[in-house]
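What follows is a short report on a single structure.
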Amino acid sequence: MKITVIGTGYVGLVSGTCLAEVGNDVLCLDVDPAKIATLQEGGMPIFEPGLQEMVRRNIAAGRLHFTTDIERAVHFGTVQFIAVGTPPDEDGSADVSYVTAAARNIGRFMTDYKVVVDKSTVPVGTADLVRDTIAGELATRGVAVPYNVVSNPEFLKEGAAVADFMKPDRIVVGCDDEKAALILRAVYAPFQRNHDRLILMDIRSAELTKYAANAMLATRISFMNELANLAEKLGADIEHVRRGIGSDPRIGYDFLYPGAGYGGSCFPKDVQALIRTATDADIDLRILRAVEAANDAQKHVLGRKIGAHFGRNLAGRHFALWGLAFKANTDDMREAPSRVVIGDLLASGASVTAYDPEAMNEARRLFPDAPALSFADSKEAALDGADALVIVTEWKEFRSPDFEEIRSRMKAPLIFDGRNLFDPDFVRKQGFEYRAIGR
Ligand SMILES: NC(=O)c1ccc[n+]([C@@H]2O[C@H](COP(=O)([O-])OP(=O)(O)OC[C@H]3O[C@@H](n4cnc5c(N)ncnc54)[C@H](O)[C@@H]3O)[C@@H](O)[C@H]2O)c1
């Protein structure tokens, strides 16, 4: 099948590449010429495990192409996936202007039947907006061209995005037309060969399903973060509590890890957008407002612990920071807790040397004028002369470090662990003071 993917970011590039991998002819469009040039030259604009090899393989096979030419992209695919960003607007609502811009372009240039698929996370009602936008362009041109609009929210996780797309738990399709539903079934058939995982529903329910999923996961995290803060006060260990409740099949182990707050491009913005949608519908989502407030507070938990130990004035103090990405296996720092931790430390007068396996270029871009923030080439080099080590991201390479080397490089054996990576007894036996979350 000929497929166009509009927006070549984390979702668009992964989707387009995986669709090419199963034999489709895919053209990825982006308005960012630098991104497209990088891809055309064999480079990668983002880090995502396994993606680079798959991109190269499919370019070489002639099934995956990249362009900034909008007209060519619209003519190319019968299926047009919209995978552009939907960042938060000032009032917390999702900004759908990139989605409507993509729809306008489709309406401007389409000459034959298209299935237009919203893959971006968009508020309920956006499919109607896309349909109307395309209709408006066709009316301006004075032509009638058939098309259908489908909602197909994406559930991939950064860091495991290729595996998630190739082997999805479920494929949600919101559709009100049989022909379009059949085409979507054909597109997704190669990804669900052992049993049907496609859940077909009306368009508005599909749009809401994506927000409901992220809101539920964010709720679990904020719930555990608040319980962790309580466990600390009560002398309990949240890790025991986590195992104690995760073993209940009604609860399960996933997304019960306490930490320094959730970040990333999705949970914060999607929780905010759902609250906004509800407010507009005269519904107060009290639980979600609390989830968001708890998360905002939790991002300062490491700063608070450090302040409680050293005092509020950190002038002359130096910290090693392990982990900048909002989670492991990505270079993405959107809404990352590390940004708040660094902000708290610098605002109190401290200096920081940070290390991350993938996100340091992004951090340099985000902190262009911070002379008190430097970067090290390795996790060991970041430790030199530090008053404490602060761990913010759960990268695998941080999980079993050489504690003797850590101690020898630092000024004092003190660790603030925002990810509960270590057994507290073990670390203390290595001669460290160890401050984790909820234990
Ligand atoms: N990142 C994730 O893990 C994830 C997971 C599921 C869903 N989503 C949702 O998917 C959408 C995309 O997210 P992302 O992380 O891939 O965003 P991103 O910012 O990485 O990529 C979006 C891309 O769209 C391009 N773009 C903007 N307007 C365009 C236009 N009119 N035509 C062509 N290209 C255009 C941008 O240049 C950018 O490269 C968002 O709605 C997001 O909420 C993201």
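Assorted remarks:
- Between D248 and K167, the modelled labels are 3.0 nm apart [label points 7 Å from Cα along Cα→Cβ].
- Among G244, G125, G16, the largest mean-square fluctuation in a Gaussian network model of the chain, built with springs joining Cα atoms closer than 10 Å, belongs to G244.
- Rounded Å value of the spacing that divides the Cα centres of region 146-185 and region 94-121: 16 Å
- Region 391-427: trypsin sites (Lys or Arg not before Pro) falling in loop per DSSP and having at most 15 other Cβ within 10 Å: R399, K411
- Using the Cβ-Cβ distance between M216 and E41 with R0 set to 60 Å, the FRET efficiency works out to roughly 0.90.
- For the chain, the mean residue ellipticity at 222 nm estimated from helices alone is -13500 deg cm²/dmol, where every DSSP H run of n ≥ 4 contributes -39500 (n - 2.57) and the total is divided by all residues, rounded to the nearest 500.
- By DSSP, the beta bridges lying fully in region 348-439 are antiparallel in about 0 percent of cases.
- Beta bridges from DSSP with both residues in the chain: antiparallel share about 5 percent, rounded to the nearest 5.
- Length released on extending from T111 to R289, taking residue separation times 0.36 nm less the Cα-Cα span: 59.5 nm
- Rounded to the nearest Hz, the phi-derived 3J(HN,Hα) couplings of region 297-306 under the Karplus curve 6.51 cos²θ - 1.76 cosθ + 1.60 (θ = phi - 60°) are 5, 5, 5, 9, 4, 5, x, 5, 5, 5, where x marks glycine and proline.
- Proximity of backbone amide H atoms, modeled 1.01 Å from N, is registered between D332 and F326 at under 5 Å, excluding neighbours fewer than 5 places apart on the same chain.
- Counting DSSP beta bridges with both ends in region 1-109, the antiparallel % (nearest 5): 5 percent
- The ellipsoid equivalent to the alpha-carbon distribution of the chain has semi-axes of 43, 24, 20 angstrom, derived from the gyration tensor eigenvalues as √(5λ) and listed largest first.
- Exposure proxy ranking for E71, E158, based on other Cβ atoms within 10 angstrom of each Cβ and starting from the fewest, stands as E71, E158.
- Cα lying deepest toward the dipole's positive end in the chain, options A372, A20, G9, charges on Cβ: A372
- Under 14 Å, Cβ to Cβ, from V11 - net charge with Lys/Arg +1 and Asp/Glu -1: -2
- Inter-label distance for E178 and D237, nm, one decimal - labels placed 7 Å from Cα along Cα-to-Cβ: 6.1 nm
- In region 111-205, taking the dipole from charged Cβ atoms about the Cα centre, the farthest positive-side position among V143, V115, Q192 is held by Q192.
- In this Cβ point-charge picture (+1 for Lys and Arg, -1 for Asp and Glu), the chain has a dipole of about 540 debye about its Cα centre.
Read-outs throughout are calculated quantities, based only on the coordinates presented, and are distinct from any laboratory measurement. Just so you know, these numbers come straight off a predicted model, no measurement behind them. So basically every Cβ, Gly included, is an ideal-geometry build from the backbone, and we count neighbours across all protein chains shown.
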